[in-house]
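**Q** Let me give you the structure first, and then I'll get to my questions.
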Amino acid sequence: MISAEKIPNNVNLSDNKRLQRALEHWQPKYIQWWREMGPQGFQDYHQVYVRTAISVDPEGWAHFEYVKLPEYRWGIFLADPVHERKIGFGDFFGQPVWQEVPGEFRNQLRRLIVTQGDTEPASVEQQRHLGQRCPSLYDLRNLFQVNVEEGRHLWAMVYLLHSYFGRDGRDEAEELLERQSGNRDKPRILEAFNEPIDNWLDFFMFTMFTDRDGKSQLMSLSESSLDPLARTTRFMLTEEAHHMFVGETGIARILERTCQLMKQAGFSEDVRTIGGIDIPTIQKHLNQWFSLSLDLHGSEVSSNAASYFANGLKGRAKEEGFEDHVVKNAMYNMEFFEEGRKVAKEVLMRNAMNEVLRDWYVGDCAAGVERWNRILERYQMSDRLRLPDRKFNRGIGMYSGLHFDPHGVPLSSDEWEKRKYDWLPSAADSEYLLSIMAEPVFEPGKFANYIAPPRRGINQQPIDFQYVRTEQ
Ligand SMILES: [Fe+2]
Ligand SMILES: [Fe+2]
């Protein structure tokens, strides 16, 4: 039986019998999926110190308790309504927002919600083996926190599908549990969510760059004219911030440790000989996840993006900050690549909305990389991390058939094949990373050799707190 205790919510679930029944039908399938595709080896005998949202106010959304993962209370929350909220962009600018889905935009909205929803369980699947290689209990707990919240984000999208899309919505909700990351026959919708994440360097880069794409997408959906979608995604953003914190500080701690090891060994020493992660390997993983996440923003010129904007379904990040919200005739200056040369051309801004969002995303990533470089500076290292050029390693959009180095210099296919592992993780790199992560660290307060401890613990607990405990 589904109740407010089992599913904390602020959507009056107990008053909505139809919705309650639909979710009751879906929930056992979700739990089965979680057991099979969620964290492997941590389902039955472990208690995890996690944050559970039990309401949207400041105390309620960060309530901490020990739980067994399959018993986590995945809730449904919408951010508080904005009084008399008006449509903020597109052709319907200034009209009241919608509380129901307009028939003419039903398919487009369903597609947006399903695409967002599909990424949530996908990342849980990608990360399901990482617990067995964790660098500390603190990190293990953070991994599971991210996982349960991605599960909650799936619930958030399923709530919308069940509430506003009738039978189609129910079918889509089932399919969200049927597709599987990396599965040949039924893969996840977007490519970055089919890539394996089997070491912690990948995990931290994923949460830094791919969860930040999540932030881009959620920010643009939180502008939507469909008010329940806007409010759902607005609340998801509060959780997303923690995922990026995990990624950014995870890499910062690896950099810190790499610098310490290099100092100990003398600067010219290969840090791998003493079990650290060398900066070139870190850069390669950055290149990989940044370029995959750029792809997630879609094609540079896109009529879909134009129509999402015109119809008020998906806006820009921080729409309020723009002067022109209708963007009827405005142009965007875009760099094309024709016959091996850059050509600047103007395109209608509406058609360039994916690129506009990508601009915001690149700026947000660059600020993070700057913060990482301060650590290298502090240790007086001459190396710096950098974002590769946008054209590098793209699988979607106008650069996808072409090859570029990380500086954006065009390459022939032969050159690319010869040099790509100078810039992207090779099999040998992965093997090395797995070798230093082979043994999980489960002792409170202990950290694997390749990563520094965090500055502080979670929820004001000490660093050596038992964030995950075993219960036999
Ligand atoms: Fe998410
Ligand atoms: Fe996330």
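The values are calculated or read from the model by the stated rules, or taken from the named source; none is laboratory data. Not measured: the values here are computed from a predicted model. Every residue, glycine among them, receives a Cβ derived from its backbone with ideal geometry; neighbour counts consider all protein chains shown. What goes into the accessible areas is simple: the full protein's heavy atoms, side chains included, and nothing from ligands, DNA or RNA. Shrake-Rupley method; radii C 1.70, N 1.55, O 1.52, S 1.80 Å.
**Q** Pairs under 8 Å by beta carbon, first residue more than 16 Å from residue 191 (Cβ to Cβ) and more than 10 Å from ligand 1 (Cβ to nearest atom) in the stretch 203-217, partner part of a helix (DSSP H, G or I) and hydroxyl-bearing (Ser, Thr, Tyr), six or more apart or different chains?
**A** Every condition considered, the pairs that remain are 212/293; 212/361; 216/361.
**Q** Anything in the stretch 157-186 that is touching a helix residue (DSSP H, G or I) at 6+ places or on another chain (Cβ under 6 Å), acidic (Asp, Glu) and surrounded by fewer than 18 Cβ atoms within 10 Å (Cβ to Cβ)? List them, or say none.
**A** none
**Q** Restricting the stretch 101-134 to residues that are assigned to a helix (DSSP H, G or I), under 22 Å from residue 196 (Cβ atoms) and out of contact with any helix residue (DSSP H, G or I) (no Cβ under 8 Å at 6 or more places or on another chain), which is nearest to ligand 1 (Cβ to nearest atom)?
**A** 115
**Q** Give the residues of the stretch 398-413 that are in contact with a Pro (Cβ under 9 Å, 6 or more places away or on another chain) and either crowded, with 19+ Cβ neighbours inside 10 Å or hydroxyl-bearing (Ser, Thr, Tyr) (or both), sorted by residue number. Full working, then the answer.
**A** As a first pass, look at the stretch 398-413 and keep what is in contact with a Pro (Cβ under 9 Å, 6 or more places away or on another chain): 402-408.
Hits for the stretch 398-413 are 403, 404, 405, 406.
Per-residue answers, yes or no, for (1) among the aromatic types (Phe, Trp, Tyr); (2) under 25 Å from residue 171 (Cβ atoms); (3) at pLDDT below 95; (4) in contact with a strand residue (DSSP E or B) (Cβ under 8 Å, 6 or more places away or on another chain):
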| site | (1), (2), (3), (4) |
| --- | --- |
| 19 | no, yes, yes, no |
| 24 | no, yes, yes, no |
| 32 | no, yes, no, no |
| 50 | no, no, no, yes |
| 56 | no, no, yes, no |
| 75 | no, yes, yes, yes |
| 87 | no, no, no, yes |
| 112 | no, yes, no, no |
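**Q** Scan the stretch 375-396 residue by residue and report those that are open to solvent by 20 Å² or more (accessible area, probe 1.4 Å) and either of a type outside the set (D, E, K, R) or not in a helix (DSSP H, G or I) (or both). Spell out how you get there, then give the answer.
**A** So in the stretch 375-396, the residues open to solvent by 20 Å² or more (accessible area, probe 1.4 Å) come out as 377-380, 382-384, 386-387, 389-390, 393, 395-396.
Those that are open to solvent by 20 Å² or more (accessible area, probe 1.4 Å) and either of a type outside the set (D, E, K, R) or not in a helix (DSSP H, G or I) (or both): 379, 380, 382, 383, 384, 386, 387, 389, 390, 393, 395, 396.
**Q** From 188, 184, which residue is part of a loop (DSSP other than H, G, I, E, B) and within 16 Å of ligand 2 (Cβ to nearest atom)?
**A** Numbers: 184 fails: within 16 Å of ligand 2 (Cβ to nearest atom).
The unique qualifying residue is 188.
**Q** Moving on to the next point. Could you tell me whether the stretch 244-266 includes any residue that is open to solvent by less than 10 Å² (accessible area, probe 1.4 Å) and within 16 Å of ligand 1 (Cβ to nearest atom)? It would help to see each step written out before you state the result.
**A** Narrowing the stretch 244-266 to residues open to solvent by less than 10 Å² (accessible area, probe 1.4 Å): 246-247, 250-251, 254-255, 258-259, 261.
Narrowing further to those that are within 16 Å of ligand 1 (Cβ to nearest atom): 246-247.
Checked the stretch 244-266: at least one residue is open to solvent by less than 10 Å² (accessible area, probe 1.4 Å) and within 16 Å of ligand 1 (Cβ to nearest atom).
**Q** I'm trying to understand the selection: among the residues of the stretch 362-374, which are open to solvent by less than 30 Å² (accessible area, probe 1.4 Å) and either in contact with a His (Cβ under 6 Å, 6 or more places away or on another chain) or of a type in the set (Gly, Ala, Ser) (or both)?
**A** Passing the criteria: only 368.
**Q** Shifting gears a bit: Just one of the numbered conditions (1) at pLDDT 95 or above; (2) in a loop (DSSP other than H, G, I, E, B); (3) of a type outside the set (Ser, Thr, Tyr) is not true of residue 422; which one?
**A** (2)
**Q** Kindly check whether there is at least one residue in the stretch 449-461 that is modelled with pLDDT of 95 or more, in contact with a strand residue (DSSP E or B) (Cβ under 9 Å, 6 or more places away or on another chain), more than 16 Å from residue 291 (Cα to Cα) and part of a loop (DSSP other than H, G, I, E, B).
**A** Yes, the stretch 449-461 has at least one match.
**Q** If I ask for residues that are open to solvent by less than 40 Å² (accessible area, probe 1.4 Å) and charged (D, E, K, R), which ones from the stretch 428-469 would you list?
**A** Result: 429, single match.
**Q** If you don't mind, there's one more thing I want to ask. Just checking, does the stretch 72-86 include any residue being among the basic types (Lys, Arg), farther than 21 Å from residue 239 by Cβ and assigned to a loop (DSSP other than H, G, I, E, B)? Quick ask: steps written out before the conclusion?
**A** Within the stretch 72-86, the first condition is being among the basic types (Lys, Arg), and the residues that meet it are 73, 85-86.
Remaining after also requiring farther than 21 Å from residue 239 by Cβ: 85-86.
Now drop any that are not assigned to a loop (DSSP other than H, G, I, E, B), which leaves 85.
Within the stretch 72-86, one or more residues are among the basic types (Lys, Arg), farther than 21 Å from residue 239 by Cβ and assigned to a loop (DSSP other than H, G, I, E, B).
**Q** Picking from 194, 287, 311, which residue would you name as being more than 16 Å from ligand 1 (Cβ to nearest atom) and touching a Ser or Thr at 6+ places or on another chain (Cβ under 7 Å)? Lay out the reasoning, then the answer.
**A** Values: 287 fails: touching a Ser or Thr at 6+ places or on another chain (Cβ under 7 Å); 311 fails: touching a Ser or Thr at 6+ places or on another chain (Cβ under 7 Å).
Matching residue, one of 194, 287, 311: 194.
**Q** Return yes or no: is residue 204 within 15 Å of ligand 2 (Cβ to nearest atom) and open to solvent by less than 20 Å² (accessible area, probe 1.4 Å)? Walk me through it before giving the result.
**A** Working: within 15 Å of ligand 2 (Cβ to nearest atom): yes; open to solvent by less than 20 Å² (accessible area, probe 1.4 Å): yes.
Judged against the criteria, residue 204 is a match.
**Q** When residues of the stretch 327-361 are filtered for being touching an Asp or Glu at 6+ places or on another chain (Cβ under 7 Å), surrounded by fewer than 20 Cβ atoms within 10 Å (Cβ to Cβ) and not aromatic (Phe, Trp, Tyr), how many remain?
**A** Number of matching residues: 6.
**Q** Filtering the stretch 267-290 down to residues that are of a type in the set (Val, Ile, Thr) and surrounded by 13 or more Cβ atoms within 10 Å (Cβ to Cβ), which residue is nearest to residue 209 (Cα to Cα)?
**A** Residues of the stretch 267-290 that are of a type in the set (Val, Ile, Thr), as a first pass: 271, 273-274, 277, 279, 281-282.
Those still in the list that are surrounded by 13 or more Cβ atoms within 10 Å (Cβ to Cβ) too: 271, 274, 277, 279, 281-282.
Details: 271: 25, 274: 28, 277: 19, 279: 18, 281: 16, 282: 13 Å.
Among them, the one singled out is 282.
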